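A quick write-up on the structure given underneath.
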Amino acid sequence: SPGRHLKSLEDEENAQIFAELTELGLGDSQGAEIWRHLMTVPTSFFRSKTSQRLRTEARAENRAEDILRLLDRRSIDVTPEARDRITNCHDLDVLGDWLDRTLTATVVDDLFDDAVED
C-alpha cells in the first residue's frame with residue numbers, strides 16, 4: 001500500500017539522519033573511527049525487502065551512470081529529457097538493453113527503440 005511505502009521511506013530517511021548525526025557527534029574520537037568502520041561493513045547478508053530494494057536501486061543508478069558515460073565517450077549528445085529518462089529508470093533489464101545499445105547507437109534516441117520501462 002502507498003502508506004506503507006511512505007512509512008518505509010520515512011524510516012530510511014530517519015535512519016540516514018541518525019547515522020549522520022551519530023558520526024558528527026562522535027567527532028574525531030576513537031568511537032568515530034569504530035562507527036565509520038561499522039558503517040562500511042558489507043550489507044549483502046541483509047535479506048529484507050528494503051535491503052534488496054536499496055541494492056537494486058544502487059545497481060540501477062550505477063548502470064545509468066555507465067550508459068551516460070559511454071554516450072559521452074562516444075560523443076553522442078544527450079538531451080536533458082533523455083538524461084532524465086535514463087537516470088529515472090529503475091528497471092535493470094531496460095537499463096541493460098540501453099547499455100548494450102550504447103555500443104551501436106548513433107543518436108541517443110537509438111537507445112529507446114522498443115523500450116518498455118517501469
*With all protein chains present, calculate the accessible area of Thr50 using a 1.4 Å probe and round the result to the nearest 10 Å².*
50
_If amide hydrogens are placed 1.01 Å from N in the peptide plane, which non-local residues have theirs closer than 5 Å to the one on Asp91?_
Asp118
*Taking all protein chains together and a probe of 1.4 Å, list Val94, Val107 from the most accessible to the least accessible.*
Val107, Val94
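The values are calculated or read from the model by the stated rules, or taken from the named source; none is laboratory data. Every value quoted in this text rests on a predicted model; they were computed, and no experiment measured them. Areas reflect the complete protein model, heavy atoms only, side chains present, ligands, DNA and RNA absent. Shrake-Rupley method; radii C 1.70, N 1.55, O 1.52, S 1.80 Å.
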